[in-house]
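The block underneath contains the structure these notes are about, expressed in structure tokens.
The values are calculated or read from the model by the stated rules, or taken from the named source; none is laboratory data. All of these numbers come straight from a predicted model, not from anything done at the bench. Every residue, glycine as well, gets a Cβ built from its backbone with ideal geometry; the counts of neighbours run over all protein chains shown. Ligands, DNA and RNA are excluded from the accessible area calculation, which covers all protein heavy atoms including side chains. Shrake-Rupley method; radii C 1.70, N 1.55, O 1.52, S 1.80 Å.
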Amino acid sequence: MQEMTGFVPVTSMPYSQFRDHVGEQVTIKGAIHNIRDMSDFAFIIVRTARELIQCVYSPEFSDYRLTDDVMEQCSAKVTGKVVPSETRDGSERYELQISNIEILSTPAAIPPVVISKKQVTCDLATDLDFRPVTLRNPKERAIFKIQEGIQRGFREYLMSQNFTEVHTPKINFAGAEGGTNVFKLDYFGKTVFLAQSPQLYKQALVPVYERVFEIGPVFRAEHHDTSRHLNEYISMDFEMGFIDSFTDIMNTETGALQYIMNLLKTEYAAEVDLLKVDIPDVTTIPCIRFKDAKEMCVKKLKNITDMKDFEPEEEAFLGKWAKKQYNSDFLFVTHYLSAKRPFYTMDDPEDPEVTLSFDLLFRGLEITSGGQRIHDYNMQVEKMKRLGMDPEQFETYLMLHKYGAPPHGGLGIGLERLTMHLLGFKNVRYAAMFPRDINRVTP
Ligand code: AMO
């Protein structure tokens, strides 16, 4: 009888272990990423899950003879002796002197774009059209390794702060964020909506777990094609109960960002180096009220017409201002106008025109919205009515308030937006693995 032992060996010896095996034969498995034929010898670069490993073929080393089936993108098992390699700057590097290559699979065609150079040089649309292939380029794949680091940091930090990870439904009975950017779905004859955010559910879970978080996809039917909007993105949300003030939420986000940036520096150093990521300092984050920020924008920028929200150029201006004034890449803008925030937002009891809410700008781009929520049943029903909503439609959401909820609040961070500005991209699509926008649903 065959029995499973629960053990699968790691496919390749990591490069970091080569120094302990100098002079020994080791085997790695990966894709042949690049072949540089130097006539009497050849460099064969093997791409493993996270590394590029230089292997050298020469008839001098062994009886193995290179054949034509060793081609770029074939999968192979390469065996060779670990030797120090010559480097121009004298730094310590190792390579494999090939003693055998076993081909495990052969591609049917040559990649449509060059992926074996340092960088993929085609335009964005072509890059996205061929994503399953272009992602193999080490710089492209490093983007999403960094993105993994951000999510991991968010998760690890919140778990250390007693948050419970949850998953809420993406097929919803109502749009949580209002507006028209909600996808409608025919659900066995009923109209339902794709979740714009986990808002209605994460709040419901506060009286259950006190602190919850979720990392998951959300959907926005954006009707325009911009460099900062996707129709499906990953939202990193949390919600916490028993807050004393909405600044508890901003402090928790600051702590999460501190942890994330530190994690990237330590555990993702290879990708940080490869992409030359400028990791921001998050020791403290300055705060400014919406009203004061708006006044500054109106003074410094021309043609500001929307007095209730910021245009992208105002956010960019505020980003530069925070850098100059506080040497900070981040800026919290607080107390947004009540008229511009969703129905669940708590108005400021000292000035009901404004809310106990905030956005976080990172290098001049909004990456987060958050704030304190209404926890009182009558207050929530009244606000819904004032906004022309039908509380009956939100009966299940209102159970939260009706049956008792502590003062609470939370936030949502757009993962692709954070990645975009961390890596200095001009378009959010570079930071989305398989982006969905008004013109794209493939690959
Ligand atoms: P909001 O709608 O502001 O707030 O969204 C939160 C964050 O999500 C990101 N984001 C987007 N990213 C890419 N494409 C889009 N179309 C897109 N829309 C938004 C932004 C934004 O700051 N429920 C609240 C959050 C909360 O209060 O907890 C919400 O979803 O980075």
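Quick look at the numbers
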| quantity | calculated |
| --- | --- |
| Gap separating the Cα centres of the range 365-443 and the range 286-328, nearest whole Å | 23 |
| Helix-only mean residue ellipticity at 222 nm for the chain, each DSSP H run of n ≥ 4 adding -39500 (n - 2.57), per residue, nearest 500 | -8000 deg cm²/dmol |
| DSSP-loop trypsin sites (Lys or Arg not before Pro) across the range 218-288, with at most 10 other Cβ within 10 angstrom | LYS276 |
| Cα shape, the range 179-305, gyration tensor, a/c 1.5 rule | rounded |
| For VAL182, residues with placed amide H under 5 Å, excluding near neighbours | ALA221 |
| Distance between modelled label sites at LYS77 and ASP20, nm, 7 Å Cα→Cβ extension | 2.3 |
| Residue of GLU315, GLU165, GLU392 that the Gaussian network model of the chain assigns the largest fluctuation, springs spanning Cα pairs under 10 Å | GLU392 |
| FRET E, pair ILE304, THR180, Förster distance 30 Å, beta-carbon r, rounded to 0.05 | 0.80 |
| Proximal lysines relative to LYS77, as straight alpha-carbon distance under 16 Å, when same-chain residues fewer than 8 apart are discounted | LYS29 |
| Between the range 1-37 and the range 124-153, the alpha-carbon center distance in angstrom | 23 |
| Potential extension, ASN427-TYR187 segment - 0.36 nm per residue separation minus Cα distance | 83.0 nm |
| Candidates LYS202, LYS29, LYS324: whichever shows maximal mean-square fluctuation once the chain is modelled as a Gaussian network with Cα springs under 10 Å | LYS324 |
| Candidates GLY414, GLY178, GLY149: whichever shows maximal mean-square fluctuation once the chain is modelled as a Gaussian network with Cα springs under 10 Å | GLY178 |
| Leading residue at positive end of dipole, the range 15-105 (Cβ point charges), from HIS21, PHE43, PRO84 | HIS21 |
| Filtered chymotrypsin sites (Phe, Trp or Tyr not before Pro), the range 364-420: DSSP coil and at most 13 other beta carbons within 10 Å | TYR403 |
| Alpha-carbon centroids, the range 171-212 and the range 83-103: separation in whole Å | 54 |
| Full-extension gain in nm, ALA339 to LYS170, via 0.36 nm per residue minus C-alpha separation | 58.1 nm |
| Area accessible to solvent at LYS81, 1.4 Å probe radius, in Å² | 70 |
| Per DSSP, loop chymotrypsin sites (Phe, Trp or Tyr not before Pro) in the range 137-220 with at most 10 further Cβ within 10 Å | PHE188 |
| Of VAL272, SER235, PHE310, farthest towards positive along the dipole that unit charges on Lys, Arg, Asp, Glu beta carbons give the range 181-313 | PHE310 |
| Given LYS299/LYS323; LYS145/LYS202; LYS302/LYS340; LYS117/LYS265; LYS265/LYS426; LYS81/LYS276, the pairs whose alpha carbons are separated by over 20 Å | LYS145/LYS202; LYS302/LYS340; LYS117/LYS265; LYS265/LYS426; LYS81/LYS276 |
| Percent accessible area from carbon and sulfur atoms, the range 15-105, protein chains only, probe 1.4 Å | 44 |
| Positive-pole candidate from CYS122, THR247, ILE98, dipole of the chain, charges at beta carbon | CYS122 |
| Student exercise, the chain dipole from Lys, Arg, Asp, Glu Cβ charges, in Debye to nearest 20 | 560 |
